[in-house]
Amino acid sequence: MYSLSYVRPATLPEALDWLAREPESRPLSGGMTLIPTLKQRLAAPSHLVDLTRLQELRGIALEGGVLKVGAATRHAEVASSDIVRQAIPGLAGLAGLIADPQVRNRGTMGGSVANNDPAADYPSAVLGLGAIVVTSQRRIAADDFFTGMFETALEPGEIITGFEFPIPRRSAYAKYRHKATGYAVAGVFIAVTDDGPRVAVTGAGPCVFRWTEAEAALASGDAEALARVELDESGLNEDRAGDQAYRANLVRVMARRAWNGLVPAA
């Protein structure tokens, strides 16, 4: 490690002021990605601005048919929330599959989505549910938020403050876990909305993406149609966990499992 300053602001405006004042500062939420990055000297911020004590970034509520989740809400809180389980059971199920209990009790939804790791779970739920990402400056539709590997639409000094999830009719998530890390080798989140199915894939490509061909096929309600749906293997990841053809097959398998495991909102 190296010398840096740790700041624990009492309010969101104070945190934003620190981030604006110190261009090389980084926000710290759960730290599940940032701390290992610092240990490996892949990042060298001048300041860590701790967001975990900011109550305005915490909490879960159902308001006007929309599930609102604060950015600093931890995975374990999402997984165990009765509100989430009843409104979007697929989201609660996804949170319960993240990594291990230690990570679930420290990691936050906002930190995971802002990092946009190719194999993270939450991006598939945010995209699959067509959520709104609420930031310190604006509201961003999920379809416009994820822009590439570890890249998002967030501007410097802009942080996620919360999420707004429309309630789908049914939802589910299925993933094939990497045995060592628990990350998704391939994961699929499906939400059945009034406008039809939304299918989001994580782990298989450089960035979470919607599988629109599967959405069209599943509109008929036939999960077996997934075996015939086009999926361009050339853009998928290829590493020690599997080649492109293997991942394409996993996506189809996970999509079928998610579809067969859809749970309605209470």
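The values are calculated or read from the model by the stated rules, or taken from the named source; none is laboratory data. The structure displayed is predicted, hence computed values, not measured ones. In this analysis, Cβ positions are derived from the backbone assuming ideal geometry, glycine residues included, and neighbour counts consider all displayed protein chains.
Mind listing just one residue for me: the one in segment 71-92 that is of a type in the set (A, V, I, L, M, F, W, C) and assigned to a helix (DSSP H, G or I) and, of those, farthest from Ala266 (Cα to Cα)? Write out each step before concluding.
From segment 71-92, those of a type in the set (A, V, I, L, M, F, W, C) are 71-72, 76, 78-79, 83-84, 87-88, 91-92; that's our starting set.
So of that shortlist, the ones also assigned to a helix (DSSP H, G or I) come out as 76, 78-79, 83-84, 87, 91-92.
Values: Ala76: 21, Val78: 16, Ala79: 16, Ile83: 10, Val84: 10, Ala87: 6, Leu91: 13, Ala92: 13 Å.
Once the filter is applied, the top-ranked residue is Ala76.
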Contact list, first residue from segment 178-195 and over 18 Å from Phe209 (Cβ atoms), second anywhere and assigned to a loop (DSSP other than H, G, I, E, B) and modelled with pLDDT under 95, beta-carbon distance below 7 Å, six or more apart or interchain, is His178/Ala241; Gly182/Ala99; Gly182/Asp100
Note on Leu250: of the conditions (1) touching a Phe, Trp or Tyr at 6+ places or on another chain (Cβ under 8 Å); (2) assigned to a helix (DSSP H, G or I); (3) under 19 Å from Pro118 (Cα atoms); (4) modelled with pLDDT under 95, unmet is (4)
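So for segment 25-44 (the condition being outside any loop (DSSP other than H, G, I, E, B), touching a residue at least 24 places away in the same chain (Cβ under 8 Å), over 24 Å from Arg58 (Cα atoms) and not small (Gly, Ala, Ser)), does at least one residue qualify? Don't jump to the end; show me each part of the working.
Looking only at segment 25-44, we keep the residues that are outside any loop (DSSP other than H, G, I, E, B), and these are 26-28, 34-39.
Still in the running and touching a residue at least 24 places away in the same chain (Cβ under 8 Å): 27-28, 34, 38-39.
Of the ones still in play, those that are also over 24 Å from Arg58 (Cα atoms) are 38-39.
Adding the requirement that they be not small (Gly, Ala, Ser) leaves 38-39.
Within segment 25-44, one or more residues are outside any loop (DSSP other than H, G, I, E, B), touching a residue at least 24 places away in the same chain (Cβ under 8 Å), over 24 Å from Arg58 (Cα atoms) and not small (Gly, Ala, Ser).
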Flagged pairs (Cβ under 8 angstrom, 6 or more apart or on separate chains; first in segment 136-147, touching a residue at least 60 places away in the same chain (Cβ under 8 Å); second of a type in the set (D, E, K, R) and surrounded by 12 or more Cβ atoms within 10 Å (Cβ to Cβ)) are Ser136/Glu158; Asp143/Arg210
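Kindly indicate whether Val188 is touching a Pro at 6+ places or on another chain (Cβ under 6 Å) and of a type in the set (A, V, I, L, M, F, W, C). Break it down into steps so the answer makes sense when it comes.
Numbers: touching a Pro at 6+ places or on another chain (Cβ under 6 Å): no; of a type in the set (A, V, I, L, M, F, W, C): yes.
So Val188 does not fit the description; no.
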**Message:** Looking at segment 156-169, can you tell me whether even one residue there is of a type in the set (Lys, Arg) and either assigned to a strand (DSSP E or B) or farther than 27 Å from Gly65 by Cβ (or both)?
**Reply:** no
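Among the residues of segment 111-130, are any more than 25 Å from Leu236 (Cβ to Cβ), surrounded by fewer than 18 Cβ atoms within 10 Å (Cβ to Cβ) and in contact (Cβ under 8 Å) with a residue 24 or more places away in the chain?
No, that holds for no residue.
For segment 157-191, give me each residue that is among the polar types (S, T, N, Q) and buried (at least 18 other Cβ atoms within 10 Å of the Cβ). Even if it seems obvious, please write down each step before you answer.
Kept after step one, since they are among the polar types (S, T, N, Q), are these residues of segment 157-191: 161, 171, 181.
Correct list: Thr161, Ser171.
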